[in-house]
1. Within region A:114-167, take every residue that is touching a Phe, Trp or Tyr at 6+ places or on another chain (Cβ under 7 Å) and modelled with pLDDT under 90 and give me the one that is nearest to B:A191 (Cα to Cα).
2. Given (1) open to solvent by less than 40 Å² (accessible area, probe 1.4 Å); (2) among the β-branched types (V, I, T); (3) over 25 Å from A:L170 (Cα atoms), identify the lone condition not met by A:T61.
3. Return the pairs, sorted by first residue and then second, in which the second residue is at pLDDT below 85 and buried (at least 19 other Cβ atoms within 10 Å of the Cβ), the first residue lies in region A:411-426 and is basic (K, R), the beta carbons are less than 6 Å apart, and the residues are 6+ apart or on different chains.
4. Can you give me the ranges of the helices (runs of 4 or more DSSP H) entirely in region B:191-275 with at least 2 residues that are within 30 Å of A:R359 (Cβ to Cβ) and within 12 Å of another protein chain (Cβ to nearest Cβ)?
5. Select, from A:A207, A:A212, A:A155, A:A161, the only residue that is of a type outside the set (S, T, N, Q), in contact with a strand residue (DSSP E or B) (Cβ under 8 Å, 6 or more places away or on another chain) and surrounded by fewer than 19 Cβ atoms within 10 Å (Cβ to Cβ).
6. Among (1) in contact with a Gly (Cβ under 9 Å, 6 or more places away or on another chain); (2) open to solvent by less than 20 Å² (accessible area, probe 1.4 Å), which single condition is A:T44 missing?
7. I'm checking my understanding of the structure. Among residues of region B:164-179 that are buried (at least 19 other Cβ atoms within 10 Å of the Cβ) and without any contact (Cβ under 8 Å) to a residue 40 or more places away in the chain, which one is nearest to B:D232 (Cα to Cα)?
8. Answer yes or no as to whether B:M386 is in contact (Cβ under 8 Å) with a residue 12 or more places away in the chain and not hydroxyl-bearing (S, T, Y).
2 protein chains.
Amino acid sequence: MTDRIDLEHVLRTHLSPDEARRVSELLDNTPIPEIIRLVERTSTSKAGVLFRLLSQERALTVFEALDARHQADLIGALHNEDVLRYFDEMDPDDRVSLLDEVPAEVADELLRTLEKSERDITGVVLGYPRGSVGRRMSPEILLLYQDMTVGDALALLKRRARDLETIYTLPIVDRDRKLTGICSFRDLYTADPHQHLEDIMAEAVSARANDAAESTARWLLTLDHLAMPVTDEGGHLVGLLTFDDAHEIVEEADTEDAARGGGHEPLQQPYLSTPLIKVVRSRIVWLLVLALSAILTVHVLDTFEETLATAVVLALFIPLLTGTAGNTGNQAATTVTRALALGDVEKSDVMRVLWREMRVGFFLGALLGSLGFTLASFVYSTEVGMVIGLTLLAVCTMAASIGGIMPIVAKAIGADPAVFSNPFISTFSDATGLVIYFMIAKAVLGI
Amino acid sequence: MTDRIDLEHVLRTHLSPDEARRVSELLDNTPIPEIIRLVERTSTSKAGVLFRLLSQERALTVFEALDARHQADLIGALHNEDVLRYFDEMDPDDRVSLLDEVPAEVADELLRTLEKSERDITGVVLGYPRGSVGRRMSPEILLLYQDMTVGDALALLKRRARDLETIYTLPIVDRDRKLTGICSFRDLYTADPHQHLEDIMAEAVSARANDAAESTARWLLTLDHLAMPVTDEGGHLVGLLTFDDAHEIVEEADTEDAARGGGHEPLQQPYLSTPLIKVVRSRIVWLLVLALSAILTVHVLDTFEETLATAVVLALFIPLLTGTAGNTGNQAATTVTRALALGDVEKSDVMRVLWREMRVGFFLGALLGSLGFTLASFVYSTEVGMVIGLTLLAVCTMAASIGGIMPIVAKAIGADPAVFSNPFISTFSDATGLVIYFMIAKAVLGI
């Protein structure tokens, strides 16, 4: 902790040779995790200096630990030969994540520097669409055939253990490379060496390379598996999705959902190391869309301007009513968005969700409405109390229903549930809420 | 998929013996993951029926896969002897999670049924505070001493492999049980059998049992480790935090943040299996607090009622301005809340964050303000345009600053950043935004 703070103070873009020596020494005595954190908290140019002062091996470890977007940002600040070395040493799936983030000409150049075997294996991963399991899997797998003996398999593993991403989850194939089962290293290790793999293997829970990465990753983590075999459409083994890649996929998805739930795009790299302009860019479009949709509320109020002029008291409750509608809608939307992300709710559940949320909204509206009626009757008049109470009942029921089904509708049309729900609910519930409000007001107050 | 839908249709709380036989057969032919999903989508009473129709072993697997809160809910619907059996077979850390969710007298009764050795090991975990690493670790560890040979260690592991939660991450201790290093099974397996463990072990990244579970779990997953040794304050090995427990901790925390970011409490069990009344309960307190704080806005508007009566046009923009302030504030708050959760931002960064968000808010406000000025000038008048433009500039700067630092302030006073930010920002930015609006309006319009 102290080291990091020291380093944050002494790290500058222009260092004298003396200072550089001092920082380099400090870096040598700092644990790798602290250095990673420092890079995540500093600007690209300072991080570039830091990488130049790190030992080669440690620099590689730090680089590999960063998000792909962050890696891509750093490339310009690093020496070209260092970039090529990092790229060469990366796992094929991480390599592809980085390629996705750099301009096409840089990607081509990077790919050209790879040896043929490495380029081929990277090509396998690149061949699958973004957001698919294939794009995130490790294609480097050891083929264990079901007719091998346990002893032979253990000997093979001992020789190859160093090159593989994992040896703890072992997919088993037949002579056509079709996945036929799975075996944990623990089971293999404790089995009789003369048995055949087919005698000890268990039924494999596997994924298809074209499956969606997020739901597969959540599934793997729910099952507490270390890795899941990945097959092509014909059932042939093509790779392995490991728990750490699964966790990375889930964390990216959750960060994206958190961002969109809050009405902006995810930054995709640590907050403090993100240039300010990128922070603005992640928010401005949403804010504009939301503000422009809010013009609808100006329009609604414009329509009712005469009513407003007759009873200015109605204006006092506008923020309270639109706020409550927005809150109720967002409660329902975040619940259902999260349930969709976790797989607890599916598209086909739309009517079940609507029925649930309608009742929840009605109940919440009845509670808030009674309270609103009592308070407003007391401070203003019984008529105003009735308007407020009835409006709260109506808008809560409406907002919870809309908020509950919007994420599902979004998913059904292929949009991210988290994108579509928030702005839609804000605007829709504000505008509809105001219409309901003035209609109830006109009816009750007789204006 | 078809199986689940079939099962959803045929599963009822009252089944004739014939129907029960049919469901039981269907269950036997359904993969475990599908059965887990079904339990997560159905009511407690139906789930009780389902458990009775499952074979003993499969029922245990399904029960273990559920959230602790969900397990606790199900206890009343299950046969007592089944509950005791499940409880007996669970891992100590899962057992403790369940104990946390049931009433104290049930917890005592469950604990009494355990054998002494199991009760002791559960007691170790129970001894650590909620939310700590100790409460979530696996206390069942194999002691590997640094002066053992690789061959002896491998032989010991072969004998004990079945009883351990993991054999892939191996903490190494000295004869005082102090943690001195770590070794992966892969390294052990490929090492020379005559070497001593101290020659092949690496420096261990470990956690203290009293450390916060969430940050430790995120750290473990960031490092891509399968497990992390846990020590007491004296550095003695007391357990192991595994990646799957770490993932569970992180997922719970993310679900909680998603819920609070949306203004409600997390359900802690799958949405469709949650009784309606619990859904209402998870939302009503937040909604009430938010609505009651919104009374502040009624009060502010009441103060400016005269101004409003003079220029009713001002009322038209209220939802747009409060909405934009709320959106800007929430953007900043969700960004910083997520950054805090991921460890990208710390409490000591408060001034750095304030300075960033102030500039971001000013920039966003300047963009929206210019647009607002242009549109409002065009439709209404230049004066109205100026009021709207200046107000947008002011409220965006204010809301982003407040939204950015509130999560940090919340954390500094020991509250959940996600709890404190949302309601505070909504209310504060609505009320402050309105005051700013009317002050600017009075100045510009001269009323």
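1. This residue is A:K158.
2. Condition not satisfied by A:T61: (1).
3. A:K411/A:P417
4. Numbers: elements: B:197-200, B:213-222, B:243-261.
So the answer is B:243-261.
5. Values: A:A207 fails: surrounded by fewer than 19 Cβ atoms within 10 Å (Cβ to Cβ); A:A155 fails: in contact with a strand residue (DSSP E or B) (Cβ under 8 Å, 6 or more places away or on another chain); A:A161 fails: in contact with a strand residue (DSSP E or B) (Cβ under 8 Å, 6 or more places away or on another chain).
Testing whether each residue is of a type outside the set (S, T, N, Q), in contact with a strand residue (DSSP E or B) (Cβ under 8 Å, 6 or more places away or on another chain) and surrounded by fewer than 19 Cβ atoms within 10 Å (Cβ to Cβ) leaves just A:A212.
6. Here A:T44 meets the rest and fails (2).
7. B:I172
8. On the way: in contact (Cβ under 8 Å) with a residue 12 or more places away in the chain: yes; not hydroxyl-bearing (S, T, Y): yes.
It is true that B:M386 is in contact (Cβ under 8 Å) with a residue 12 or more places away in the chain and not hydroxyl-bearing (S, T, Y).
The values are calculated or read from the model by the stated rules, or taken from the named source; none is laboratory data. Quick caveat: nothing in here was measured; it's all calculated off a predicted structure. All Cβ positions, even for glycine, are placed from backbone atoms using ideal geometry, and neighbour counts span all protein chains on display. Just the protein is used for accessible areas: all its heavy atoms, side chains included, with ligands, DNA and RNA removed. Shrake-Rupley method; radii C 1.70, N 1.55, O 1.52, S 1.80 Å.
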